[in-house]
1. Read through the list (1) surrounded by fewer than 16 Cβ atoms within 10 Å (Cβ to Cβ); (2) under 24 Å from B:Ala97 (Cβ atoms), then give the number of the only condition that A:His47 fails.
2. Within the group A:Leu56, A:Leu82, which residue is aliphatic (A, V, I, L, M), facing chain B (nearest Cβ under 8 Å) and surrounded by 14 or more Cβ atoms within 10 Å (Cβ to Cβ)?
3. Restricting attention to helices (runs of 4 or more DSSP H) lying wholly within the range A:3-102, give those where 1 or more residues are more than 30 Å from B:Asp36 (Cβ to Cβ).
4. Hey, among the residues in the range A:4-31 that are more than 12 Å from chain B (Cβ to nearest Cβ) and buried (at least 16 other Cβ atoms within 10 Å of the Cβ), which one's nearest to B:Thr98 (Cα to Cα)?
5. I need the full set of residues from the range B:91-126 which are among the aromatic types (Phe, Trp, Tyr) and in contact with a strand residue (DSSP E or B) (Cβ under 8 Å, 6 or more places away or on another chain), in order please.
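Values quoted throughout were computed directly from the atomic coordinates according to the rules given, and no laboratory measurement underlies them. None of the values given here were measured: they were computed from a predicted structure. Heads up, the Cβs are rebuilt from the backbone with ideal geometry, glycines too, and the neighbour counts pull from every protein chain shown.
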Amino acid sequence: MTNAVAAITALADPTRRKIFERIAAHPSAVGALADGLPVSRPAVSQHLRVLKDAGLVDDEAQGTRRIYRVRQEGLADVRAYLDQFWDQSLAAFRDLAESEDA
Amino acid sequence: MPEPLSVRQSLIVRTSPERAFSVFTERIGDWWRLADMHIGEQPPITAIVEPRVGGRWFERAADGTECPWGHVRVWEPPHRLVLSWEISADWRPDPTATSEVEVRFAAEDGATRIDFEHRGIESLTLRDQLAGGWPGLLQAFAKTTTDEE
């Protein structure tokens, strides 16, 4: 679960979450991300480092820039937790819906 | 790529969409695992979905205290229901959370196919992380894991 905690903690910051959502929509370089946000480029770099340390994004050199993209595995533990939660909850719902007294 | 940011499930329930929808919403206090999954200080005795767009869904304790879970965004009985999930990953009220739950009910071979999605899960945060850790998520996860074994 350490991955889930690191991921959730990294995304607790609203600016960082916004950066993550932009990268999720389009793999991007630092400059493009900073242009669209009221945050300085060094601040964006700082946020990207936290997202990368949490395993949520990866970067790749493309010419002189680094392109950031979402790591598919990054939110895997969060998803696993929710998946299990809903699986059990929906099973309980189904049992009641199929029972005589529903 | 919205896919990785959602949890999806599908199941068949042997009843009509009308009854499935009404059990899901009117009887949520009976099927929700209230003992494990609640966000108020006191254990709730029931949960309620108000049957209209803009209505609330919430838990209610024995003394009448209500603790909000979110709001009804789409109310289309018996086909579709969308609820906002205003709950943090450590099970506390979080009105800033932007994830949502969509449930679709479709008649299929005399039963009901339920397509469920909890999307926007990247917005789940830990409300109390600065105040002392993230016990809720871990405890809840450990509990559900243990329960399965």
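1. Result: A:His47 fails condition (1) only.
2. The match here is A:Leu82.
3. Here the list reads A:14-25, A:30-35, A:41-53.
4. A:Ser28
5. Answer for the range B:91-126, where residues must be among the aromatic types (Phe, Trp, Tyr) and in contact with a strand residue (DSSP E or B) (Cβ under 8 Å, 6 or more places away or on another chain): B:Phe105, B:Phe116.
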